[in-house]
1. Take the residues in the range 106-121 that are open to solvent by less than 60 Å² (accessible area, probe 1.4 Å) and modelled with pLDDT of 95 or more, then tell me which one is nearest to the chain's Cα centre (by Cα).
2. Tyr149 - would you say it is within 16 Å of Leu219 (Cα to Cα), under 22 Å from the mean Cα position of the chain (by Cα) and at pLDDT below 90?
3. Do we have any residue at all in the range 229-240 that's modelled with pLDDT under 95, part of a loop (DSSP other than H, G, I, E, B) and touching a strand residue (DSSP E or B) at 6+ places or on another chain (Cβ under 7 Å)?
4. Would you point out which residue out of Met97, Met79 is farther than 14 Å from Asn150 by Cβ, in a helix (DSSP H, G or I) and touching a strand residue (DSSP E or B) at 6+ places or on another chain (Cβ under 9 Å)?
5. Go through the range 125-141 and report how many residues are farther than 18 Å from Glu85 by Cβ, under 11 Å from the mean Cα position of the chain (by Cα) and open to solvent by less than 40 Å² (accessible area, probe 1.4 Å).
6. Given the structure, is Ile170 crowded, with 18+ Cβ neighbours inside 10 Å and part of a loop (DSSP other than H, G, I, E, B)?
7. Considering only the range 192-211, state which residues are open to solvent by less than 20 Å² (accessible area, probe 1.4 Å) and either in a loop (DSSP other than H, G, I, E, B) or within 19 Å of Ser145 (Cβ to Cβ) (or both).
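The values are calculated or read from the model by the stated rules, or taken from the named source; none is laboratory data. Keep in mind that what you see is a predicted model, and the values were worked out from it rather than measured. With ideal geometry, Cβ positions are generated from the backbone for all residues, glycine too; neighbour counts draw on all protein chains shown. Side chains are part of the model used for accessible areas, which takes the heavy atoms of the whole protein and leaves out ligands, DNA and RNA. Shrake-Rupley method; radii C 1.70, N 1.55, O 1.52, S 1.80 Å.
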Amino acid sequence: MFYKNRYLYYGIIGIASVMISIFICLAVYQELVTTYQDQSFYAKVSKEKQELNKNKIFPNYAYVFQAPYVDSKDFKLPMINLNGEVAIQKNQEIKKMYETLLQEKKNLKEMGYNIISNYQYTVHGDILSILIYIQHRNPDKSIYSYLTYNFYLSDQSIASYETIYQKASISNFNIDLKVKNAIHEWVDSKTEIKQSEKNEYANYIFEQYQKELKQNTLLYYLDENDKLNIMIPIVAPNQKEEGYQLFTI
């Protein structure tokens with residue numbers, strides 16, 4: 001009987017051997033994958049994310065979002081979602097500014113003037129950079145003013161001007177030259193300024209820049225293209241009021 005069915009038995013044994021071999025291979029492969037996966041890396045990333053979330057007021061929100069107290073369609077202002085002392089202070093500053101803008105808007109409405117605001121922000125590694133701009137509109141012209149905030153996300157301290165321009169691949173040795181070039185390019189584009197007066201006007205703007213640096217009041221922002229943006233208070237050509245001019249370096 002065995003002799004007659006030997007091929008059947010051999011077939012069953014062969015199939016069983018193949019299945020056992022496959023099972024062993026799968027088990028070995030799983031063990032190898034589990035062993036060589038860099039589990040410590042994934043744990044580290046998760047831990048860092050948790051640590052950064054601890055620095056937020058609202059863990060499930062972005063680092064910056066529209067301030068919930070703003071109920072005017074003309075104003076967009078940021079809530080800085082960091083729970084550090086400095087960030088909380090800046091949020092209070094922004095809220096107070098909003099209340100001032102509302103009152104100013106009410107006073108100017110009858111004159112045909114308007115005020116609007118908006119903001120943008122970027123995250124570059126450990127750096128959060130925020131820009132708020134306010135536009136005063138009247139029938140003849142628009143005047144801009146700005147606020148900027150720059151934070152380290154890890155410890156929520158203020159990121160210095162030097163830190164931001166170095167993030168924009170500008171060194172300590174050429175920052176002044178970069179700023180001067182940006183100023184001259186802007187001045188050269190102004191047809192309302194006489195050619196003989198352009199160099200003098202550019203020097204005046206650079207002096208304003210140096211003054212802001214000395215007083216530690218310079219406004220700076222790192223944009224989405226890793227470009228440094230600075231805002232310098234100047235009196236524009238043919239204007240009497242001082243306003244801010246934005247320069248991209």
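1. Restricting attention to the range 106-121, the residues satisfying the condition of being open to solvent by less than 60 Å² (accessible area, probe 1.4 Å) are 108, 112, 114-119.
Pick out the ones that are also modelled with pLDDT of 95 or more and you get 117-119.
Numbers: Ser117: 17, Asn118: 14, Tyr119: 11 Å.
Ranking the qualifying residues of the range 106-121, first place goes to Tyr119.
2. Numbers: within 16 Å of Leu219 (Cα to Cα): yes; under 22 Å from the mean Cα position of the chain (by Cα): yes; at pLDDT below 90: no.
Considered against the rule, which asks whether it is within 16 Å of Leu219 (Cα to Cα), under 22 Å from the mean Cα position of the chain (by Cα) and at pLDDT below 90, Tyr149 comes out as no.
3. yes
4. Working: Met79 fails: in a helix (DSSP H, G or I).
After ruling out the rest, the residue left standing is Met97.
5. We begin by selecting, within the range 125-141, every residue farther than 18 Å from Glu85 by Cβ; these are 125-127, 129, 131-141.
Pick out the ones that are also under 11 Å from the mean Cα position of the chain (by Cα) and you get 125-127, 129, 131.
Imposing the further condition that a residue be open to solvent by less than 40 Å² (accessible area, probe 1.4 Å) reduces the set to 127, 129, 131.
So the count comes out to 3.
6. On the way: crowded, with 18+ Cβ neighbours inside 10 Å: yes; part of a loop (DSSP other than H, G, I, E, B): yes.
When the stated conditions are applied, Ile170 passes them.
7. Ile193, Ile205, Tyr209
One line per residue, one yes/no per condition, for (1) among the basic types (Lys, Arg); (2) open to solvent by less than 40 Å² (accessible area, probe 1.4 Å); (3) in a strand (DSSP E or B):
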{"position": "Glu93", "(1), (2), (3)": "no, no, no"}
{"position": "Glu104", "(1), (2), (3)": "no, no, no"}
{"position": "Val123", "(1), (2), (3)": "no, no, yes"}
{"position": "Ile143", "(1), (2), (3)": "no, no, yes"}
{"position": "Thr163", "(1), (2), (3)": "no, yes, no"}
{"position": "Gln166", "(1), (2), (3)": "no, no, no"}
{"position": "Leu177", "(1), (2), (3)": "no, no, no"}
{"position": "Lys180", "(1), (2), (3)": "yes, no, no"}
